[in-house]
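Read-outs: derived from the displayed coordinates by stated rules, not from any lab. Computed from a predicted structure; not experimentally measured. Cβ placement follows ideal geometry from the backbone for every residue including glycine, while neighbour counts extend to all protein chains displayed.
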Amino acid sequence: MMECYSEVWFLKDSIYCSDKHFKYTSDFFDNFFIPNIVLDSGGKISKDITPNDAFNKMYPERNCVNIFTDGSKIISGSRVGFAAWSSNPEYCLAHRISDSASIFTAECSALLLVIKKIITKGQGIYSIFYDSESVLKALSFFTSNSILINKIRQKLALAYQLNIVIKFVWIPSHVGIQSNEKADSLAKSAAMSENLLDRPIPVTDFTIVFKRKCNEENKTICINLSDTKGTFYFENFYSGKIKPWFAGIGLPRKIIVSINRLRSNHSSLKTSLFRKDIVNETLCACGQSDDSLDHIFWECELFAEPRKILCDNLRSAGKVSPYNVISLLKCDNRNIIYFIGKFLYDIECKI
Ligand SMILES: [Zn+2]
């Protein structure tokens, strides 16, 4: 526990900390404030042949202030920034924040500072244009578990009480809406600036850092063990990918288990069990040969019908005999895996 603590204690000033859950830090009803959000006009703008003109026609800056906000995460430089742009310079801002901040945090931070500015200005009508649907959708539902969304909601509830009208409009990015491009460019420049805004970020932004570290440590442990454990698997199948080969593949669990047995070279075939002194003999139920992988897949008379289907399927996929199950599984082709899965299903997952 002390080792874990030593890895994270220095982050305490970089993250939002509170002695109670953030939802209990505000007025109860503020948690349920849903702002006015327009999500559907962006689609019409992006379909227009001149999106900038369509935007200006749809949202003229008459008796209201138009503000464009954006967040930017520059992967190559590991830098994060956000900005707001308006034809009224009083509402323009640009800041760099912690390199560990997510793009969601950057975008929320832009909104939060803009709304604070609006509140200090007092009564008025404002339209905030935004190209992040995820933030606006999070604001649409009061079930969001983001501390920043909660803070924005509190500020919006306060603005509402002060008779300040704020409308959020989703607009598509990179379609040539000039003001949006200005906000985008400002956010990118802010990310590369030297001045860092001293502002805590949600603890969840660090999750990815620790996940990556866990995965790397786990990978090192497995590779170091591979000389003596799982050698067959490491020689034939290890890819270092984080997701397992069967993620999202849609095969029944029993078939996934059988294929995993093949990949690890530990199956319920008698030749495999014999190697571990679990059975005394290796003869297949057909009485013709050893109960081995090649025998079951390519020879055993008990499975002639499923084998015919498998071979037809493999031929249709351009595979030519002689076949080898391990080589077929190694090619990591989803169709081939389904064909092998069908064979295993037809022989009732005997392996
Ligand atoms: Zn047999």
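Relative to the longest principal axis of the chain, what angle (0 to 90°, nearest 10) does the C-alpha long axis of helix 334-346 take? With rounding to tens, the tilt is 50 degrees. Taking 0.36 nm per residue of separation and subtracting the Cα-Cα distance, full extension of the segment from Asp27 to Phe141 would add 39.3 nm.
How would Ile221, Ile296, Ile340, Ile49 line up from fewest to most surrounding beta-carbon atoms within 10 angstrom? List each step's numbers first, then the result.
Values: Ile221 10, Ile296 26, Ile340 23, Ile49 6.
Lowest count first: Ile49, Ile221, Ile340, Ile296.
Between the listed residues Ser144, Tyr238, Phe210, the Cα displaced farthest toward the positive end of the dipole of the chain, a dipole computed from Cβ unit charges relative to the Cα centre, is found at Ser144.
Among Arg212, Arg199, sorting on how many other beta-carbon atoms sit within 10 Å of each Cβ, with the fewest leading, yields Arg212, Arg199. For the residues Glu305, Glu107, Glu216, a GNM of the chain with alpha-carbon springs under 10 Å puts the largest fluctuation on Glu305.
Against the chain, whose longest principal axis is taken from its Cα atoms, helix 103-121 shows a tilt of about 10°. Pairs of C-alpha atoms in the stretch 207-265 farther apart than 13 Å represent 69 percent of all such pairs. Note on the stretch 46-143: antiparallel DSSP beta bridges, both residues inside, total approximately 70 percent of the bridges counted.
As a size descriptor, the averaged projected area of the C-alpha convex hull of the chain was calculated at 26.4 nm². Annotation: the antiparallel percentage among DSSP beta bridges lying fully within the chain is about 45.
Taking a ≥ b ≥ c as the square roots of the eigenvalues of the Cα gyration tensor, an a/c ratio of 1.5 or more together with a/b no larger than b/c marks the stretch 5-53 as oblate.
For the stretch 51-152, build the charge dipole from Cβ charges (+1 Lys, Arg; -1 Asp, Glu) around the Cα centre, then report which of Gly122, Trp85, Val135 sits farthest towards its positive end. Going by the Cα projections, it comes out as Gly122.
Placing one equal scatterer on every Cα of the stretch 88-154 and applying the Debye formula, the log10 ratio I(q)/I(0) at q = 0.12, 0.17, 0.25 Å⁻¹ is -0.33, -0.66, -1.29.
With runs of 4+ DSSP H residues as the only contributors, calculate the mean residue ellipticity of the chain at 222 nm using -39,500 (n - 2.57) per run, divided by the residue total and rounded to the nearest 500. Walk me through the numbers before you get to the answer.
Working: 15 runs with 159 residues, N = 351.
The helix contribution divided over the chain gives -13500 deg cm²/dmol.
Across the stretch 256-320, the convex hull enclosing all Cα atoms gives 99 Å³ per residue.
Which pairs in the list Lys57/Lys188; Lys229/Lys330; Lys213/Lys241; Lys116/Lys167 are over 21 Å apart, alpha-carbon to alpha-carbon? Intermediate results must be reported in sequence, preceding the final value.
Details: Lys57/Lys188 28 Å; Lys229/Lys330 19 Å; Lys213/Lys241 14 Å; Lys116/Lys167 15 Å.
Flagged as over cut-off: Lys57/Lys188.
For Lys151, the aspartates and glutamates whose Cα comes closer than 15 Å to its Cα, not counting residues fewer than 8 places off in the same chain, are Asp27, Asp30, Glu107. Could I have the simple spin-label model distance between Ile125 and Lys47, label points 7 Å from Cα toward Cβ, reported in nm to one decimal? Between Ile125 and Lys47, the simple spin-label model gives 2.7 nm.
If we count other beta carbons within 10 Å of each Cβ, what is the order of Asp205, Asp294, Asp30, fewest first?
Numbers: Asp205 22, Asp294 16, Asp30 19.
Going from least to most buried by this count: Asp294, Asp30, Asp205.
A dipole drawn for the chain from +1 and -1 charges on Cβ atoms has a positive end, and of Ile177, Pro322, Leu302 the residue lying farthest that way is Ile177.
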